[in-house]
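Chemist: Let me begin by handing over the structure; questions about it come next.
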Amino acid sequence: MGHGAGSFMEGTDLFYPYLPKLREYAENLLDRWDNPFALSKTDFVFLDHQGNQFMYFDTAAGNDPPIYHYREAQYKSEQVSSSFSDWLQCRAKEEIYLQEQISALE
């Protein structure tokens, strides 16, 4: 996780200097809604989007853990990918596709 990647995932906090604070942001979101869902001690929040959703993985789940997504007021999280590497690869492919569509319109 670096300081950025151009326009990749622009508007989403997942780069330094936000990364160390993302778990705190996620816990504040859960507290704001008096949510029964809670992160475990081994969960690592690596992404926050617009302050109303976050993504995380369990650090105890191996070298390439499943990815979970939580949305505001949903009161639960859902698995969105079987691994971090798969999630990242899919996001990169989506970004490339979108950039190609924008370029085709210009």
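Chemist: For LEU19, what accessible surface area do you get with a 1.4 Å probe? Give it in Å², rounded to 10.
Modeler: Here the accessible area works out near 30 Å².
Chemist: If Lys and Arg each add +1 and Asp and Glu each add -1, what is the summed charge of the other residues whose beta carbon sits under 12 Å from the beta carbon of GLU100? Show your work: numbers first, answer last.
Modeler: Numbers: positive: LYS93; negative: GLU94, GLU95, GLU106.
Result for the local shell: -2.
Chemist: What does the charge count near PRO65 come to, summing +1 for each Lys or Arg and -1 for each Asp or Glu among other residues with Cβ under 14 Å from its Cβ?
Modeler: Numbers: positive: none; negative: ASP43, ASP58, ASP64, ASP86.
Combined, the nearby Lys, Arg, Asp and Glu give -4.
Chemist: Roughly how much of SER103 is accessible, in Å² to the nearest 10, using a 1.4 Å probe?
Modeler: Per-residue accessible area (SER103): approximately 70 Å².
Chemist: A follow-up question, please. With +1 on each Lys and Arg Cβ and -1 on each Asp and Glu Cβ, how big is the dipole of the chain about its Cα centre, in debye rounded to the nearest 20?
Modeler: I would put it at about 200 debye.
Chemist: Kirkwood Rh over Cα pairs of the chain into Stokes-Einstein at 20 °C, 1.002 mPa s: D in µm²/s? Walk me through the numbers on the way to the answer.
Modeler: On the way: Rh = 14.8 Å.
Estimated diffusion coefficient is 145 µm²/s.
Chemist: Label ARG71 and SER103 with points 7 Å out from Cα along Cα→Cβ: what is the distance between them in nm?
Modeler: 3.1
Chemist: Express the carbon and sulfur contribution to the solvent-accessible surface of the chain as a percent, rounded to the nearest whole number, probe 1.4 angstrom.
Modeler: Working: 3500 of 6790 Å².
Answer for the chain: carbon and sulfur cover 52 percent of the accessible area.
Chemist: Treating the angle as unsigned and between 0 and 90°, give the value, to the nearest 10°, between the Cα long axis of helix 22-32 and the longest Cα principal axis of the chain.
Modeler: In the chain, helix 22-32 runs at an angle near 60 degrees to the longest axis.
Chemist: Show that you can apply the helix-only estimate: for the chain, add -39,500 (n - 2.57) for every DSSP H stretch of four or more residues, divide by all residues, and state [θ] at 222 nm to the nearest 500.
Modeler: Values: 2 runs with 33 residues, N = 106.
One gets -10500 deg cm²/dmol as the mean residue ellipticity at 222 nm.
Chemist: Measuring from label point to label point, each 7 Å out along Cα→Cβ, what is the ASP31 to PHE15 span in nm?
Modeler: Result for the modelled spin labels: 2.9 nm.
Chemist: Roll a 1.4 Å probe over the protein chains and send me the accessible area per residue for the chain in Å². Provide the component values of the computation, followed by the final result.
Modeler: Values: 6790 Å² over 106 residues.
Roughly 64 Å² per residue, with all protein chains present.
The values are calculated or read from the model by the stated rules, or taken from the named source; none is laboratory data. On a predicted model such as this, the values are computed, not experimentally measured, just so you know. FYI the Cβ positions are ideal-geometry reconstructions off the backbone, even for glycines, and counts take in every protein chain you see. Keep in mind that these areas ignore ligands, DNA and RNA; they rest on the heavy atoms of the full protein, side chains included. Shrake-Rupley method; radii C 1.70, N 1.55, O 1.52, S 1.80 Å.
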